Amino acid sequence: AGRGRAVAGLSGLCLCLRERVRAMFYHAYEHYLESAFPYDELRPLTCDGQDTWGSFSLTLIDALDTLLILGNVSEFQRVVDVLQERVDFDIDVNASVFETNIRVVGGLLSAHLLSKKAGVEVEAGWPCSGPLLRMAEEAARKLLPAFQTPTGMPYGTVNLLHGVNPGETPVTCTAGIGTFIVEFATLSHLTGDPVFEDVARKALKALWKNRSDIGLVGNHIDVVTAKWVAQDAGIGAGVDSYFEYLVKGAILLQDKELMSMFLEYNEAIKNYTKFDDWYLWVQMYKGTVSMPVFQSLEAYWPGLQSLIGDVDNAMRTFLNYYTVWKQFGGLPEFYNIPQGYTVDKREGYPLRPELIESAMYLYRATRDPTLLELGRDAVESIEKISKVDCGFATIKDLRDHRLDNRMESFFLAETVKYLYLLFDPDNFIHNDGSVFDVVITPYGECILNAGGYVFNTEAHPIDPAALHCCRKRKEEQWEVEDLMREFYSLKRNKKFTFKRSSNHGGGESAKDPEDISSEKGGEKRNSKKRSHSLLSCPSQSFNSKLAVLGQVFLDNT
């Protein structure tokens, strides 16, 4: 009885907080539409807008898949139409290659793959074609000139109309080189054009080739000469999403090489940068400490650890970071670990998502209520400190709660999304594979919406099964067909419910014969029991380590 009351209490807490997060989203989103659209971002203190990353109506793109996660299909459909009408990439704008990829390309790809679920009337051939996919491809092609360097590592900035400017600096941060494989590989698999995945892999391998003898990479490198310009090694700003994409690329593509690269880095990181469950910055060649600071961007690390099954270490590090949050009501950009206080001119908190992201992953893995407490604290802090009449403002200084006139698009793309998913255990994003769709494409049948979504570093979910829907080379086709035969062979167990749907006219979904026979007998089967390996697509020995629920690599499988 006591256990039941505790579970009911948690459920009630989650429901209450979930609705508060929903209200936060709409307070910010509606004021963006009223005061800032079509600019990239809302300026919440002056109730107007500004372009920041390229004049793409960026907040609208970044918020699109969050709308669906909150269940707002009508607004999702409206925004899809607006983006098709208004967004133009043939503009004379200098754009960040990194930011355009994670926010624009990633946001459009995610929305494309979620379109059918959102009730959008998709065209014949989806998910291998569609207007949002074409927009994502167009945006990505504008970035390709940046990769035309002797090393294959991209410049940091590109002009969307003219390519790389002649005087462009060749110095790029590590994350700006190694954060493309999720979006670009997805593009290559959906469009059939290998150029995107090829350039992303070449950039990843160039960083790997230029690691130090002790296995570390620095913060900034010259993409022409491959000389390290900033030699501080750590897991935070300037490096962070490179490590993230090695893991997520390995999961998305079931790629042993990417995972082995990360695991080797992970050993070097533990050997040289980890102290008492904190991670410091060290000199990449010597391993000597250069900065004993924690950066708020490092708070993604416990979530990444959970994806490789290292949950105990992840929780210990998470709890360290949580103590900083409780000290200030947010994570300052830099925190001096020995002094236990903020670093001068780095006292701000721009409503970043990373600690909340880690809480979501770890809660999926452990169900530890401490993680819900962090979510509750985040909701209360953001509402109390950051909420203004026209949205939510960046916190300029956590010591005195002064605000800055900016609301970054990632607040709606990431922070609110991860908070909502932390408190919504039944969201379709958390699907454990017991329910899925079978979609007919020009290349055969494929499975979608089975869960196991891989979030890009802007929290745009990518359905990994979609990468197997558009195979064009005969020798690669239809691992999915084998998968389907496995499902059909499970008639006796009746473990799965799925819908067979066609993209040609959007008519009623046909049911599997087994479901029909069950319904005739007065039953509708939708058991939660399942075998994770059955949703591994394609089926490989490496993939047996990939759990659909939480995408965790386990050593004992």
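Remark: the residue 121-residue 387 segment gains 92.1 nm on full extension, using 0.36 nm per residue and subtracting the alpha carbon distance.
Once you reduce segment 376-413 and segment 230-304 to the center of their Cα atoms, the two points are 28 Å from each other. Taking 16 Å as the cut-off, the amide N atoms of segment 314-345 that come nearer than this to a point 7 Å along the Cα-to-beta-carbon line of residue 402 belong to 333, 342-345.
Largest first, what is the accessible-area ranking of 220, 460, 401 with a 1.4 Å probe?
Result of the area sort, largest leading: 401, 220, 460.
Using Cβ point charges alone (K and R +1, D and E -1), the dipole size of segment 99-145 about the Cα centre works out to roughly 80 debye.
Can you put 47, 469 in order of accessible area, largest first, using a 1.4 Å probe?
Numbers: 47 55, 469 0 Å².
So the residues, ranked largest to smallest area, are 47, 469.
Extending 7 Å from Cα along the Cβ direction at residue 326 and again at residue 92 yields two label points whose distance is 5.6 nm.
Pairs to check: 205/256; 142/417; 202/256; 286/396; 116/205; 248/270. Give those whose C-alpha atoms are more than 24 Å from each other in this structure. In this structure, 142/417; 286/396; 116/205 exceed 24 Å between Cα atoms.
Within a straight-line Cα-Cα reach of under 12 Å, residue 387 can be paired with the following aspartates and glutamates, leaving aside sequence neighbours fewer than 8 residues apart in one chain: 404. The order of 301, 228 by accessible area, most exposed first and with a 1.4 Å probe, is 228, 301. Packing, taken as the mean count of other beta carbons within 10 Å per residue, orders the peptides 194-204, 102-112 from highest to lowest as 102-112, 194-204.
Across segment 88-291, C-alpha contacts under 8 Å between residues 6 or more apart give a mean separation that, scaled by the residue count, equals a relative contact order of 18 percent. Peptides 179-191, 361-373 ranked from most to least packed, by the mean per-residue count of other Cβ atoms within 10 Å: 179-191, 361-373. Along the axis of the charge dipole computed for segment 88-291 (Cβ charges of +1 for Lys and Arg, -1 for Asp and Glu, origin at the Cα centre), the listed residues 200, 254, 125 are led at the positive end by 254. At an R0 of 35 angstrom, the distance between the Cβ atoms of residue 26 and residue 195 translates into a FRET efficiency of 0.30. Here residue 155 sits with roughly 40 square angstrom of accessible surface, probe radius 1.4 Å. For segment 88-291, a simple Cβ point-charge model (Lys and Arg +1, Asp and Glu -1, everything else neutral) yields a dipole of about 380 debye relative to the Cα centre.
The values are calculated or read from the model by the stated rules, or taken from the named source; none is laboratory data. This structure is a prediction, so every number in the text was calculated from the model and none was measured. No Cβ is skipped: glycine too gets one built from the backbone with ideal geometry, and neighbour counts run over all protein chains shown. Quick note on the areas: whole protein, heavy atoms, side chains included, nothing else; ligands and nucleic acids left out. Shrake-Rupley method; radii C 1.70, N 1.55, O 1.52, S 1.80 Å.
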